[in-house]
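Only the coordinates and a few stated rules stand behind these numbers; no lab work does. None of the values given here were measured: they were computed from a predicted structure. Glycine also receives a Cβ, built like all others from the backbone with ideal geometry; neighbour counts cover every protein chain displayed.
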């Protein structure tokens, strides 16, 4: 069974859009998991355990909360922006 | 030149620059007034967002706050930066793609309901007013400390300036003045911080010096943080770098506060609106990158300043004879920000964890304000700190006032009660609303409501429990209905408000044992958010699906491309 010709373009772009959205959700959940583990895991839950490691003059757990987590946040939004630029191109949704 | 002369010149020059910028980039249309014509480059919007977000509290109080909390201050640091990750991933690009003027407008359209629009607009106005009261007070305080005019006169000067550029400049004017204000505030923050770091640890980069060794004095060669923990133990205080030890907040509360601040940040209308001002959804993603980078410059410096100031404070004052106290102590004693009471009459300043015998009272703001003097920096640096504090307060105030004006003239006016209004009239209404909002904000600055700090925490809880869940659901689900969204928002707000009012005003002496799961009023927004999500989801399951047109709108905003 073949679909009517005039609809195939629309179906194709519809399919592409849905695939784009799924890919976007994957990127987002990956990066948000890192965000949650760094901020709430390393930053808050395991801080006391991590404090038994020393990094230069910093107890490591303390460093995560006062410095490290913020560096990770910046890197996460940067990776997201680059990654989404690539997805936009691959799925042709940028223009 | 004296400090006074430097301060007058620097503040005068920067104010002149702001007014000039606002004049040349003033808004001529409603789109220009509300969203700067949606033509702001991502990099500039990043700076504007930084200035918009970092208030007088971030500039003046953050380092001092952390200084007294030690590790627990991480909840503010992570809470106020981590929210931008949520903003970048979950909201900014989609709200930009939707592309109209306000957050309430999105909620009204997505939830096909004037009631939802009204609830959102009223929340916007309330949240922004509570926030702006603190800013105006900040302007007044900086004026009074550095220019020696009464606080109220300071508020009036600040008000007149914001009045000029917010009413005439609109969002376009505000955006470019915020860019200039970001530059002023970050330079003013980093110079004294670098100087102190260099003096104490030999590294001009505070983020590194913080983990370095002390250069001079009795503890030379020892790690700064090790010294700090040691000093704290001697004074009978919990160690600076320790988490959850007795005397500090418990893990559940810290967790809830961090979450409430992150989610609240992502739901604050004056922050959200900044992402409407760029050209494309792609530019909104890059704006978030620049914004978080520019904000982190200050937010990673603040904990270092906190550590330096803490060591400095204890070493230069504790056990020192009062007549030998350093000059900066004497000059700030006049302002009442530091106070010494010789309880045991031995002539020495005894600083202790035990309140009954502690003789030194220190206001947290001193940690940033007195920094240049503690580090013996020249007069122009002191003046720069004053200009930086003013830039931080004014930029945030302007952003908030604009959001209030848009909510009144666009959401309540054009979209609800006066739909036939012409564009020209709407623009005039917007200017008048902005002007009126400045006046109210000024009054709030001159006659501040009691508990200003609590009220600001309230703003975060409210943003977390009202906007964030319905915005995220509105983008990521096509099934969430107007009944779900409205009941979710109302339950979230009412729960959060009731909890804060009960424990702040009716039972202020209650502690962690009485609190729900040990969560303080500051962190309760996190619970309000969870409630909002759950109710919105459950109610949506039993109410009819949104109309076809709304589902199409959701599909449309998920794609970044321009046009239809």
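Miscellaneous remarks
- Extension gain, residue A:52-residue A:90: 0.36 nm per intervening residue step, less the Cα-Cα distance, totals 9.1 nm.
- Counting only DSSP beta bridges whose two residues both lie in the protein assembly as shown, roughly 90 percent are antiparallel.
- Cα→Cβ-extended label distance, 7 Å offset, between residue A:23 and residue B:507, nm: 5.4
- Take every pair of alpha-carbon atoms less than 8 Å apart whose residues are at least six positions apart; their mean separation over the length of segment B:462-564 yields a relative contact order of 45 percent.
- A Förster radius of 22 Å combined with the Cβ-Cβ distance from residue B:354 to residue B:316 puts the calculated FRET efficiency at roughly 0.55.
- For chain B, the relative contact order works out to 28 percent when only alpha carbon pairs closer than 8 Å and six or more residues apart are counted.
- Overall form of segment B:428-564 per C-alpha gyration tensor (a/c, 1.5; a/b vs b/c): oblate
- Rounded, prolate or oblate (a/c below 1.5 giving rounded, otherwise prolate when a/b exceeds b/c) for chain A by Cα gyration tensor: prolate
- Once both labels are positioned 7 Å from their Cα atoms along Cα-to-Cβ, the gap between residue B:477 and residue B:325 label points is 5.8 nm.
- Estimated 222 nm signal from helices in chain A, with DSSP H stretches of n ≥ 4 weighted -39500 (n - 2.57), rounded to 500: -21500 deg cm²/dmol
- Directionally averaged shadow of segment B:31-159, computed from the convex hull of its alpha-carbon atoms, nm²: 10.5
- Compared with the direct C-alpha span, the chain from residue B:153 to residue B:548 gains 136.6 nm at full extension, assuming 0.36 nm per residue.
- Cα radius of gyration and Dmax for segment B:417-497 (Å): 17.5, 47
- Divide the volume of the convex hull around the Cα atoms of chain B by the residue count and you get 141 Å³ per residue.
- Legend: calculated FRET efficiency, residue A:13 to residue B:447, from the Cβ-Cβ distance at R0 = 60 Å, rounded to 0.05, equals 0.55.
- Within 10 Å of each Cβ in B:257-268, the average number of Cβ atoms from other chains: 1
- A Förster radius of 35 Å combined with the Cβ-Cβ distance from residue B:23 to residue B:361 puts the calculated FRET efficiency at roughly 0.20.
- Only DSSP H runs of four or more residues enter the estimate; each adds -39500 (n - 2.57), and after division by the residues of chain B the mean residue ellipticity at 222 nm equals -22000 deg cm²/dmol.
- Kirkwood analysis of the protein assembly as shown, using all unique Cα-Cα pairs, places the hydrodynamic radius at 25.7 Å.
- The modelled label-to-label distance for the pair residue B:216/residue B:423, using points 7 Å beyond Cα in the direction of Cβ, is 6.3 nm.
- Computed over segment B:78-122, the range of Cα coordinates on each principal axis works out to 36, 22, 15 Å, biggest value leading.
- Across segment B:343-492, the mean sequence separation of Cα contacts (distance under 8 Å, 6 or more residues apart), normalised by length, yields a relative contact order of 12 percent.
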